[in-house]
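*Asks:* Submitted below is the structure of interest, expressed as structure tokens.
The values are calculated or read from the model by the stated rules, or taken from the named source; none is laboratory data. Worth saying up front: this structure is predicted, and the values here are computed from it rather than measured. Reconstructed Cβ throughout: ideal geometry from the backbone, glycine too, with neighbour counts over all protein chains shown.
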Amino acid sequence: MKNIISPFIIVLTAITLCASLNSCKGAKSYVKRGAKMEAAGMIDQAADFYSTALKKKPANLDALSGLNRTGQIILSRHLALFDEATLRSDKESAIRNFKNAESFYDKVNAFGVTLNFPDSKRAQYESVKNDHVQELYTIATSHLEKLEYNQALKLLEEITSLVPGFKDAASLADFAFCTPTYDLAMTAMDDKLFRSAYETFSDVVNRDETFKDASERRDEVLELGRFTIALMSFKNGSNRRNISTKLSSYVEQNLMESNDPFLVVVDRESIDLILQEQQLELSGLTSGAELEIGSLLGVKAILKGTVTGCTVSTTPLRHDNKRGYEKYRVETIDSEGKKRNETKYRSVGYSEFYQSSEVAMSFTLKLVSMETGAILSSKTIESYSSDDVRYLKYGGNARMLYPAKSNGSVNASSSGHNMLLGLIGQREKLKNDNIMVDDVTKNLAVKIQREIESIIKEQVR
């Protein structure tokens with residue numbers, strides 16, 4: 001056990017020591033650069049170098065000392081700018097410079113360096129900030145009285161960011177946002193732009209759910225703009241059994257899970273029940289009859305379609321016999337009688353195998369308006385999927401296998417060797433046909449869903 005552990009400990013210690021030395025070397029280098037910058041009066045750059053040194057070695061005393069010196073100069077500079085702005089009564093600039101000072105203080109403090117930040121400056125800042133906020137509040141309320149909502153909102157949000165809970169600034173900000181937004185939503189609703197109205201009312205509700213009747217109005221436009229479709233059973237024009245039923249199921253599921261709030265799908269069971277009650281079938285219906293069915297279902301459109309093709313193409317398994325080289329070593333004795341290992345290559349044969357498969361599926365979609373009988377969409381949608389296998393078989397030591405160049409000589413490059421290694425142990429069987437067909441069907445259902453959603457966005461503006 002001792003003979004096993006000891007080498008491990010030695011190696012681990014060596015690695016740790018090496019890493020530590022590299023870290024120290026890097027830290028010292030940045031400290032030297034920082035010192036040069038500091039001597040040249042480039043204080044900001046010097047502080048950056050000292051900070052970098054501390055990132056590499058947090059306990060570097062020279063870096064800590066350097067950052068303390070340069071950091072204090074930079075902090076004092078920020079505070080001086082704060083004082084100058086305060087004397088000019090430029091409260092906005094004063095606040096900005098004080099925040100810069102605080103941000104820098106926190107940044108340096110994270111390295112374990114505590115700079116001198118006078119409490120008197122903090123008290124002075126609070127006084128300046130409170131005066132500034134009161135002035136902003138007065139201006140903001142004046143804008144509100146003039147119905148200048150955007151100007152008021154900007155100032156009120158600045159107030160709440162500086163002093164959360166200042167008077168009624170937060171509620172006034174909500175009012176300044178919601179009032180014009182609500183008016184925009186009402187205009188969109190009057191213009192029958194139901195999607196725009198819904199989204200705009202949602203903005204109001206998300207900001208203040210109690211604002212006027214925004215929540216009720218949002219529900220109203222959702223109902224007014226709702227686009228209900230009936231999904232009819234798809235026809236199968238391919239030689240793949242039950243593929244249309246599976247596609248129909250996937251499409252129905254996708255549409256029911258759609259993020260479009262205006263899209264409503266009448267499930268297949270409800271459709272069949274109504275048709276049975278009316279003793280009707282959709283197969284072979286005229287356009288006039290379709291309109292009647294649409295009226296019975298209370299839908300705005302019906303979705304019909306046919307799977308026009310579903311093919312699976314698989315190539316025969318092909319293999320190529322190739323020449324390569326297997327590397328080996330032999331022990332030789334040189335002229336001085338010393339033993340040496342010589343690398344050699346022997347010519348060998350190996351086989352590469354190839355096979356591929358492709359699934360192609362096409363679907364003709366038709367979305368018919370039940371209000372006008374017009375075809376809202378008629379197009380063919382396609383989906384593809386492919387799979388292939390490529391692997392190598394060799395009876396010798398595959399780990400020592402190298403390819404041959406075009407001239408027949410050994411290709412001893414690591415890239416050629418690794419390429420062959422990558423083919424060893426690869427998957428030899430193609431994906432199951434049914435799995436591939438199912439993947440293509442799901443992909444096709446997604447494409448159909450996107451097409452329907454696109455149409456509905458055009459219908460419900």
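*Asks:* Kindly check whether there is at least one residue in the range 182-193 that is closer than 29 Å to ILE95 by Cα, in a helix (DSSP H, G or I) and either touching a Phe, Trp or Tyr at 6+ places or on another chain (Cβ under 7 Å) or of a type in the set (Phe, Trp, Tyr) (or both).
*Replies:* Start the filter on the range 182-193 by keeping residues that are closer than 29 Å to ILE95 by Cα, which leaves none.
No, every residue in the range 182-193 fails to be closer than 29 Å to ILE95 by Cα, in a helix (DSSP H, G or I) and either touching a Phe, Trp or Tyr at 6+ places or on another chain (Cβ under 7 Å) or of a type in the set (Phe, Trp, Tyr) (or both).
*Asks:* Six or more apart or on different chains, Cβ under 6 Å: which pairs go from a residue in the range 228-249 that's more than 18 Å from VAL264 (Cβ to Cβ) to one that's outside any helix (DSSP H, G or I) and among the aromatic types (Phe, Trp, Tyr)? Could you list them?
*Replies:* SER244/PHE234; LEU247/PHE234
*Asks:* Among all residue pairs at least 6 apart or on different chains, which show Cβ distances below 7 Å where the first residue, located in the range 152-181, is of a type in the set (Ser, Thr, Tyr) and the second is buried (at least 18 other Cβ atoms within 10 Å of the Cβ)?
*Replies:* The qualifying pairs are THR160/ALA169; THR160/ALA173; THR179/TYR149; THR181/THR200; THR181/VAL204.
*Asks:* Now a separate question. Quick check: anything in the range 438-455 on the phi > 0 side of the Ramachandran plot and not aromatic (Phe, Trp, Tyr)?
*Replies:* Kept after step one, since they are on the phi > 0 side of the Ramachandran plot, are these residues of the range 438-455: none.
No: the range 438-455 contains no residue that is on the phi > 0 side of the Ramachandran plot and not aromatic (Phe, Trp, Tyr).
*Asks:* Could you pull out the residue among LYS25, LYS56 that is modelled with pLDDT under 95 and more than 30 Å from HIS78 (Cα to Cα)?
*Replies:* Just a single option satisfies the conditions, and that option is LYS25.
*Asks:* Give the range 36-61 a look and list any residue that's more than 16 Å from VAL108 (Cβ to Cβ) and buried (at least 17 other Cβ atoms within 10 Å of the Cβ), or say none.
*Replies:* Within the range 36-61, MET37, LYS56, LYS57 qualify.
*Asks:* Could you tell me which of the residues TYR350, TYR328 is modelled with pLDDT of 90 or more, surrounded by 14 or more Cβ atoms within 10 Å (Cβ to Cβ), closer than 26 Å to LEU392 by Cα and over 40 Å from the mean Cα position of the chain (by Cα)?
*Replies:* Going through TYR350, TYR328 in turn, just one is modelled with pLDDT of 90 or more, surrounded by 14 or more Cβ atoms within 10 Å (Cβ to Cβ), closer than 26 Å to LEU392 by Cα and over 40 Å from the mean Cα position of the chain (by Cα): TYR350.
*Asks:* Moving on to the next point. Please enumerate the residues belonging to the range 143-162 that are of a type in the set (Lys, Arg) and within 20 Å of GLU92 (Cα to Cα). Give the derivation first.
*Replies:* Filtering the range 143-162 down to residues of a type in the set (Lys, Arg) leaves 146, 154.
The one that is of a type in the set (Lys, Arg) and within 20 Å of GLU92 (Cα to Cα): LYS154.
*Asks:* A follow-up question, please. Of the residues in the range 368-384, how many are on the phi < 0 side of the Ramachandran plot and in a loop (DSSP other than H, G, I, E, B)?
*Replies:* Number satisfying all stated conditions: 4.
*Asks:* I need the full set of residues from the range 361-376 which are under 21 Å from SER244 (Cα atoms), of a type outside the set (Lys, Arg) and surrounded by fewer than 18 Cβ atoms within 10 Å (Cβ to Cβ), in order please. So that I can check it myself, show each step before the final result.
*Replies:* Restricting attention to the range 361-376, the residues satisfying the condition of being under 21 Å from SER244 (Cα atoms) are 361-368.
Keeping just the survivors that are of a type outside the set (Lys, Arg) gives 361-365, 367-368.
THR364, the sole residue that qualifies.
*Asks:* Could you please find all residues in the range 375-422 being closer than 30 Å to ILE452 by Cα and not acidic (Asp, Glu)?
*Replies:* Result: ILE375, LEU376, SER377, SER378, LYS379, THR380, ILE381, SER383, TYR384, SER385, SER386.
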